Amino acid sequence: MRSRELLDEDYHQNLESDLNNLLIGVKGNGVTRIPTQKLVDKMQQSGYSVSADSLMLLLQDNPVVANVSQEFVELAAPESSDGGDQTQDSASQVSDMAQSATDI
């Protein structure tokens, strides 16, 4: 009985992890809206037994998701502490770190 609980827990954790990775990858490519059925199909191709309804339940509290419906999953806007270009901030930080490393 306990092994069944562990397997179910692992399956659920793997499903959430793979779903999160997929959403983050899509978001990283600039996509902000995904058809729910397309996401269901992708997860089923990955070996998970999900439906649009079960996927909607999983995504309700996901911080990457702004809104989920039977038709679409809308991803949350990128977070930025000052509203500026976060890519430029990161590039500037990397440049500063590289400069510090060469000074040593």
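Tally up the residues in region 23-49 that are outside any helix (DSSP H, G or I), out of contact with any strand residue (DSSP E or B) (no Cβ under 6 Å at 6 or more places or on another chain) and buried (at least 16 other Cβ atoms within 10 Å of the Cβ), please.
Residues meeting the conditions: 1.
Does any residue in region 60-73 that is free of Cβ contacts under 8 Å to residues at least 40 places away in the same chain come within less than 7 Å, Cβ to Cβ, of a residue that is in a loop (DSSP other than H, G, I, E, B) six or more places away or on a different chain, and which pairs are these?
From residues that are free of Cβ contacts under 8 Å to residues at least 40 places away in the same chain, the pairs are 63/76; 66/76; 68/60.
Please specify each residue of region 75-104 satisfying the condition of being part of a loop (DSSP other than H, G, I, E, B) and either at pLDDT below 70 or over 15 Å from residue 30 (Cα atoms) (or both).
From region 75-104, those part of a loop (DSSP other than H, G, I, E, B) are 76-85, 104; that's our starting set.
Selection gives 79, 80, 81, 82, 83, 84, 85, 104.
If you scan region 50-74, which residues turn out to be in a strand (DSSP E or B) and under 15 Å from residue 17 (Cα atoms)? Spell out the reasoning first.
At the first step, the residues of region 50-74 found to be in a strand (DSSP E or B) are 65-68, 72-74.
If the condition is that a residue be in a strand (DSSP E or B) and under 15 Å from residue 17 (Cα atoms), then 65 is the only one that fits.
Which members of region 8-54 meet the condition of being more than 15 Å from the chain's Cα centre (by Cα) and among the hydroxyl-bearing types (Ser, Thr, Tyr)?
Hits for region 8-54 are 11, 46, 48, 49, 51, 54.
The values are calculated or read from the model by the stated rules, or taken from the named source; none is laboratory data. The structure presented is a predicted model; accordingly, all values stated were derived computationally and were not measured. For neighbour counting, all protein chains shown are included, and Cβ atoms are generated from backbone atoms with ideal geometry for every residue, glycine included.
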